[in-house]
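J.: Here it is: the structure, laid out below.
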Amino acid sequence: MSAPAEKSGTRASGIEVALVSGLSGAGRSTAAKVLEDLGWFVVDNLPPELISTMVDLGARARGDITRVAVVMDVRSRAFTDDLSSVIKDLDARGYKPRLLFLEASDQVLIRRFEQVRRGHPLQASGRLADGIAAERELLGPLRNVADLVLDTSGLSVHQLRAALEQTFGTESSLQTRVTLLSFGYKYGLPMDADLVVDMRFLPNPYWIPELRDFTGQDEAVRDYVLSQEGAEEFLDRYHDLLHLVNGGYRREGKRYLTVAVGCTGGKHRSVAISEELARRLRGEDGITVSVVHRDLGRE
């Protein structure tokens, strides 16, 4: 990985712009997906003459679009004078674009193309190596002016993601978004849960007449549920488990975690436990928490 001197990063326009290009097979598609996950508005293979228009539209979106990334490849056939003019124009107007160039060794690129059984876009009737060589020559001027040149030859998908997150991520975009979803088993399991935990091992407040009509959001029910034998131990251990799982998810590039917490009707135990887990997770570094009570009010 090599990186020329960084630009100031000052954006008079209030919008951040990134241009992504590089050799075919070097990881542009992966880069586009990572940038989307980081909150960028990604446009693939936009002709150079339309880039400024796209950025202007984003700038006029009144905060709905704050980060625009344009991914370009050899299909646009305009990587020299046209793109250089676009970059200079954006720079002069305060957008301060960053240019990321992805590359890899010939050996690695050949292996990647052979694995997917696809030809190179510049190969024509020649050999795969001829297409790679032609693309290197065509993209040479673009590589020379890139703000960041990233060689993906020895990088796994997860390592590439980590490198891009370090460069293009923000504190908020790199946080794990945890959703605690309470539900009732009698209404079925949530289809989008990553983890499911069953709270039916705790006594059911439904059988306490003075608690039956309340929910796990009410203090009396919450205190009852949390005071039961095993509740505090479960919360302590499951809290630790969520940290373990979150660490693994982050290493794998997963930034969303949905934890489904169930009881019989989704009214008492699952609601109280979800709220308490959320309270313990809130304020911790790298985590944002939301709570959804799917079946509350259905009874």
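The values are calculated or read from the model by the stated rules, or taken from the named source; none is laboratory data. Here the structure is a predicted model, which is why all the values come from computation and not from measurement. Counting neighbours? That spans all protein chains shown, and the Cβs are built from the backbone with ideal geometry, glycine included. Remember, those area values only see protein heavy atoms, side chains included, never the ligands or the DNA or RNA. Shrake-Rupley method; radii C 1.70, N 1.55, O 1.52, S 1.80 Å.
J.: For region 275-292, check the following and say yes or no: at least one residue is closer than 19 Å to GLY188 by Cα and touching a Gly at 6+ places or on another chain (Cβ under 8 Å).
T.: Taking region 275-292 and keeping what is closer than 19 Å to GLY188 by Cα, we get 291-292.
Filter once more, keeping what is touching a Gly at 6+ places or on another chain (Cβ under 8 Å): none.
No, region 275-292 contains no residue that is closer than 19 Å to GLY188 by Cα and touching a Gly at 6+ places or on another chain (Cβ under 8 Å).
J.: Same structure, new question: Among the residues of region 276-286, is there at least one that is at pLDDT 95 or above and in contact with a Lys or Arg (Cβ under 9 Å, 6 or more places away or on another chain)?
T.: yes
J.: So ASP130 ticks every box in (1) in a loop (DSSP other than H, G, I, E, B); (2) at pLDDT 85 or above but one. Which box is left unticked?
T.: (1)
J.: Evaluate the following for VAL245: is it in contact with a Leu (Cβ under 6 Å, 6 or more places away or on another chain) and touching a residue at least 12 places away in the same chain (Cβ under 8 Å)? Before the answer, list the steps.
T.: Values: in contact with a Leu (Cβ under 6 Å, 6 or more places away or on another chain): no; touching a residue at least 12 places away in the same chain (Cβ under 8 Å): yes.
So VAL245 does not fit the description; no.
J.: Next up: Can you report the number of residues in region 8-38 which are open to solvent by less than 50 Å² (accessible area, probe 1.4 Å) and either in contact with a Ser or Thr (Cβ under 8 Å, 6 or more places away or on another chain) or modelled with pLDDT of 85 or more (or both)?
T.: Residues that pass the stated criteria total 20.
J.: Let me ask something else about it. Name, by its number, the condition in (1) among the aliphatic types (A, V, I, L, M); (2) open to solvent by 50 Å² or more (accessible area, probe 1.4 Å); (3) in contact (Cβ under 8 Å) with a residue 60 or more places away in the chain that does not hold for ALA278.
T.: Going through (1) among the aliphatic types (A, V, I, L, M); (2) open to solvent by 50 Å² or more (accessible area, probe 1.4 Å); (3) in contact (Cβ under 8 Å) with a residue 60 or more places away in the chain one by one, ALA278 breaks only (2).
J.: Give me a count of the residues in region 175-230 that are within 24 Å of HIS243 (Cβ to Cβ), surrounded by 13 or more Cβ atoms within 10 Å (Cβ to Cβ), small (Gly, Ala, Ser) and modelled with pLDDT of 95 or more.
T.: Counting residues in region 175-230 that are within 24 Å of HIS243 (Cβ to Cβ), surrounded by 13 or more Cβ atoms within 10 Å (Cβ to Cβ), small (Gly, Ala, Ser) and modelled with pLDDT of 95 or more gives 2.
J.: Would region 238-254 turn up any residue that is among the acidic types (Asp, Glu), loosely packed, with under 13 Cβ neighbours inside 10 Å and in contact with a strand residue (DSSP E or B) (Cβ under 9 Å, 6 or more places away or on another chain)?
T.: There is no residue in region 238-254 that is among the acidic types (Asp, Glu), loosely packed, with under 13 Cβ neighbours inside 10 Å and in contact with a strand residue (DSSP E or B) (Cβ under 9 Å, 6 or more places away or on another chain).
Table: residues versus (1) of a type outside the set (Asp, Glu); (2) in contact with a strand residue (DSSP E or B) (Cβ under 9 Å, 6 or more places away or on another chain).
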position: SER84; (1), (2): yes, no
position: ASP91; (1), (2): no, no
position: PRO97; (1), (2): yes, yes
position: PHE101; (1), (2): yes, yes
position: ASP130; (1), (2): no, no
position: PRO141; (1), (2): yes, no
position: LEU150; (1), (2): yes, yes
position: LEU155; (1), (2): yes, no
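J.: Among the residues of region 48-77, which ones are under 26 Å from LEU122 (Cα atoms), open to solvent by 50 Å² or more (accessible area, probe 1.4 Å) and assigned to a loop (DSSP other than H, G, I, E, B)?
T.: We begin by selecting, within region 48-77, every residue under 26 Å from LEU122 (Cα atoms); these are 48-51, 69-77.
Then drop every residue that is not open to solvent by 50 Å² or more (accessible area, probe 1.4 Å), which leaves 49-50, 75, 77.
If the condition is that a residue be under 26 Å from LEU122 (Cα atoms), open to solvent by 50 Å² or more (accessible area, probe 1.4 Å) and assigned to a loop (DSSP other than H, G, I, E, B), then ARG77 is the only one that fits.
J.: Let me ask another. For VAL108, state whether it is modelled with pLDDT of 85 or more, within 22 Å of GLY14 (Cα to Cα) and not in a loop (DSSP other than H, G, I, E, B).
T.: no
J.: In the set ARG251, ARG269, which member is under 17 Å from ARG298 (Cβ atoms) and among the charged types (D, E, K, R)?
T.: None of the others qualify; the one that does is ARG269.
J.: Continuing with the same structure: For residues that are touching a helix residue (DSSP H, G or I) at 6+ places or on another chain (Cβ under 7 Å), among the hydroxyl-bearing types (Ser, Thr, Tyr) and surrounded by fewer than 18 Cβ atoms within 10 Å (Cβ to Cβ), tally how many sit in region 111-169.
T.: Total meeting the criteria: 1.
J.: OK, next. Using the structure shown, decide if ALA124 is outside any strand (DSSP E or B), modelled with pLDDT of 90 or more and out of contact with any Phe, Trp or Tyr (no Cβ under 6 Å at 6 or more places or on another chain). Spell out how you get there, then give the answer.
T.: Details: outside any strand (DSSP E or B): yes; modelled with pLDDT of 90 or more: no; out of contact with any Phe, Trp or Tyr (no Cβ under 6 Å at 6 or more places or on another chain): yes.
No.
J.: In region 133-152, is there at least one residue being touching a residue at least 24 places away in the same chain (Cβ under 8 Å), hydroxyl-bearing (Ser, Thr, Tyr) and either under 30 Å from LYS254 (Cα atoms) or outside any helix (DSSP H, G or I) (or both)?
T.: Scanning region 133-152, I find at least one residue that is touching a residue at least 24 places away in the same chain (Cβ under 8 Å), hydroxyl-bearing (Ser, Thr, Tyr) and either under 30 Å from LYS254 (Cα atoms) or outside any helix (DSSP H, G or I) (or both), so the answer is yes.
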